[in-house]
Amino acid sequence: MTRLADIQRSCERGQAMVEFALIVPVLFLLIFGIVQTGLLFGKQLDLKSATRDGARRGAVSVTNANPATVARQGVLRSITLTKDSDLTVVVTPPSPWNHGDQVTVRSTTPYTYKIMGVTLWTGNLHAESKIRVE
């Protein structure tokens, strides 16, 4: 009787190993997908924050000779998760600005969504900030 129970237990261990082997790739895909989504979300937040910071720097430097350049440099100084060469910053309207004008700073950077080395999506992340010149 105990021999039959031992045989049955060893078959169940083999079954558990097969089930585990079938579930592990799906589990890894899910975990890596969550991590990649978090990294992409962080990059988007960093881009929005840098764009806001650049617009704020440009708006308070209206007395500067070229406040649009100050705004652009503010975005480049504030961005941390994107290479400067991948970042596109557009400041409108062109300077000179007057008090009360509305300034818009738009930033764009490319992204690639990869899971386990396989590219699933590519595109651009966009951020825009509008601020009134004080």
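The values are calculated or read from the model by the stated rules, or taken from the named source; none is laboratory data. Quantities reported herein were computed from a predicted structural model and do not represent experimental measurements. Every residue, glycine as well, gets a Cβ built from its backbone with ideal geometry; the counts of neighbours run over all protein chains shown.
Go through Phe32, Phe41 for me and flag whichever is modelled with pLDDT of 95 or more, surrounded by 10 or more Cβ atoms within 10 Å (Cβ to Cβ) and more than 30 Å from Val133 (Cβ to Cβ). Can you show your working first?
Numbers: Phe32 fails: modelled with pLDDT of 95 or more.
Being modelled with pLDDT of 95 or more, surrounded by 10 or more Cβ atoms within 10 Å (Cβ to Cβ) and more than 30 Å from Val133 (Cβ to Cβ) holds for just one of Phe32, Phe41, which is Phe41.
So Pro96 clears everything in (1) at pLDDT below 95; (2) closer than 30 Å to Leu120 by Cβ; (3) surrounded by fewer than 18 Cβ atoms within 10 Å (Cβ to Cβ) except one condition, right? Which one?
(2)
Yes/no per residue for (1) in contact with a Gly (Cβ under 6 Å, 6 or more places away or on another chain); (2) β-branched (Val, Ile, Thr); (3) within 30 Å of Phe28 (Cβ to Cβ); (4) outside any strand (DSSP E or B):
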residue	(1), (2), (3), (4)
Gly42	no, no, yes, yes
Leu45	no, no, yes, yes
Ala50	no, no, no, yes
Thr112	no, yes, yes, no
Thr119	no, yes, yes, no
His126	no, no, no, no
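Listed residues Thr63, Thr82; which is assigned to a loop (DSSP other than H, G, I, E, B) and in contact with a strand residue (DSSP E or B) (Cβ under 6 Å, 6 or more places away or on another chain)? Write out each step before concluding.
Values: Thr63 fails: in contact with a strand residue (DSSP E or B) (Cβ under 6 Å, 6 or more places away or on another chain).
Answer to the selection: Thr82.
Which pairs have Cβ atoms under 9 Å, sit 6 or more apart or on different chains, and link a residue in the range 81-109 that is closer than 11 Å to Ala71 by Cβ to one that is of a type in the set (Phe, Trp, Tyr) and assigned to a loop (DSSP other than H, G, I, E, B)?
Listed by first residue and then by second, the contacts come to Val103/Trp97.
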